[in-house]
1. Here is a list: G234, G217. Which entry is at pLDDT below 95, in contact with a Lys or Arg (Cβ under 7 Å, 6 or more places away or on another chain), under 30 Å from F305 (Cα atoms) and surrounded by 17 or more Cβ atoms within 10 Å (Cβ to Cβ)?
2. When you go through (1) in contact (Cβ under 8 Å) with a residue 24 or more places away in the chain; (2) within 21 Å of L113 (Cβ to Cβ); (3) not in a loop (DSSP other than H, G, I, E, B) one by one for I152, which number turns out not to apply?
3. Sort out which residues of the stretch 12-27 are closer than 18 Å to E224 by Cα and either free of Cβ contacts under 8 Å to residues at least 60 places away in the same chain or of a type in the set (G, A, S) (or both), and write them in order of number.
4. What are the pairs, 6+ residues apart or on separate chains, where a residue within the stretch 95-123 that is without any contact (Cβ under 8 Å) to a residue 40 or more places away in the chain has its Cβ under 6 Å from a residue that is open to solvent by less than 30 Å² (accessible area, probe 1.4 Å)?
5. Could you tell me which numbered condition S207 fails, if it satisfies all but one of (1) at pLDDT below 95; (2) under 25 Å from F325 (Cβ atoms); (3) touching a Gly at 6+ places or on another chain (Cβ under 9 Å); (4) surrounded by 20 or more Cβ atoms within 10 Å (Cβ to Cβ)?
6. Being open to solvent by 60 Å² or more (accessible area, probe 1.4 Å), closer than 22 Å to K11 by Cα and part of a loop (DSSP other than H, G, I, E, B) is the filter here; which residues of the stretch 159-190 pass it?
7. Among residues belonging to the stretch 318-357 that are part of a helix (DSSP H, G or I) and of a type in the set (V, I, T), point out the one that is nearest to the chain's Cα centre (by Cα).
Amino acid sequence: MWITSSLTTVKTPTQVALGNFDGVHLGHQRVIEPVLLHKGGLPDEPLQLAESVGQCLEQSTVASGYSDRTAAHLYTPSESPVTTLPGATEAATVVTFFPHPREFFSGRSRPLLTPLEEKSLQLSHIGVDQLLLLPFNRFLAELSAIDFVEQILISGLQARHISVGSDFHFGKNRQGNADLLSEVAGRHRVAVTVVPLKHDRRGRISSSRIRQALTDGDLAVATELLGRPYSLTGRVVQGQQLGRTIGFPTANLKLPSDKFVPRQGVYSVRVYGTDDRCPSYPQLGVMNIGTRPTVAGQSESVEVFIFNWDGNLYGRTLTVSLEGFLRPEQTFESLDALKTQIKVDCEAAIATLSSKSLPLG
């Protein structure tokens, strides 16, 4: 998948799905699906992120272009400019904004369900050809809705078809909506698909509902809305190494700074990326998110104990798929009491994980 933030390097012509798409959940996939129809549509079963990461570790990469979310300009001069695609090929393109408009206007960072690397993996594996990260700056914030459609979508992207959710707004002061998009694009003979909101039995499927479910420790709801377990991906760094002293050595994960972290507590997990020979095959374990109050911890950490594992993981990037919430974090009167509880947690995790089918790598 090609990733760019410049209209000078975008592949055209395009089939465009327009939105923010944080989470790439089942509702988002419904908006993206119309632009994939010319390629055969979405997979019958959405791939889990953990499976995708495992496959990408085997394949080295699934994306080209620029993918450094912290860069001032998401374009490197060494990349060869890409212009019109040969023939009648139309790139299935997701168009989103960087940073999120709410982050731009508030000046406050916004934790994401799927930071750029995760989002690109998900989009690539459902068949998207290209991800355009429009730099959300003062120019874009002041651009009228009509100019956005005509300058960005019609002229810049040479859109042949545009798909958007029925509640999407765009342009200066959020003046643009699906009706305006359809009207303006229609003048240029560009088809627009307005996708109804997707609901389950409890209401609308949305990123905010997923965030709330993760905050509550309700993994069943989060998994249902996402269409896959929620995952954390991070590099293994050196911690206090206290787990070794009680017989439970842990891998301390450094997560992306913009990753949304769920409720503090203990989880049953599957861990991907421990073995280069079979990176898509998971190890089983338990994970603790919290401040480790029993050992006077101060900052929040993410630590994973992998069952039956003995090896050096420092520097590795692991993906942890959250399968079950076992209990909130708590303070114990002694290390012995903590050790006893960890044994109980491990037994509970094994019971949880054994009741679920193993994902295919």
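1. Residue meeting the stated conditions: G234.
2. Status for I152: all satisfied but (2).
3. Kept after step one, since they are closer than 18 Å to E224 by Cα, are these residues of the stretch 12-27: 21-27.
Passing the criteria: G23, G27.
4. P99/F136; F104/F136
5. (1)
6. Residues of the stretch 159-190 that are open to solvent by 60 Å² or more (accessible area, probe 1.4 Å), as a first pass: 160, 167, 169, 172-175, 179, 183, 187-189.
Filter once more, so that each one left must be closer than 22 Å to K11 by Cα: 160, 188-189.
Once the filter is applied, which keeps residues that are open to solvent by 60 Å² or more (accessible area, probe 1.4 Å), closer than 22 Å to K11 by Cα and part of a loop (DSSP other than H, G, I, E, B), the stretch 159-190 yields H188, R189.
7. The residue in question is T352.
So that you can scan it fast, the table gives a plain yes or no per residue for (1) open to solvent by 20 Å² or more (accessible area, probe 1.4 Å); (2) farther than 15 Å from F170 by Cβ; (3) touching a Pro at 6+ places or on another chain (Cβ under 7 Å):
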{"residue": "R102", "(1), (2), (3)": "yes, no, no"}
{"residue": "F105", "(1), (2), (3)": "yes, no, no"}
{"residue": "L116", "(1), (2), (3)": "no, yes, no"}
{"residue": "S120", "(1), (2), (3)": "no, yes, no"}
{"residue": "L123", "(1), (2), (3)": "no, yes, no"}
{"residue": "I126", "(1), (2), (3)": "no, yes, yes"}
{"residue": "D129", "(1), (2), (3)": "yes, yes, no"}
{"residue": "L134", "(1), (2), (3)": "no, no, no"}
{"residue": "R138", "(1), (2), (3)": "yes, yes, no"}
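The values are calculated or read from the model by the stated rules, or taken from the named source; none is laboratory data. Computed from a prediction, not measured in an experiment: that's the story for all the values here. Glycine gets a Cβ as well: all are built from the backbone with ideal geometry, and neighbour counts include every protein chain shown. Heads up: the accessible areas ignore ligands, DNA and RNA and are worked out on the full protein's heavy atoms, side chains in. Shrake-Rupley method; radii C 1.70, N 1.55, O 1.52, S 1.80 Å.
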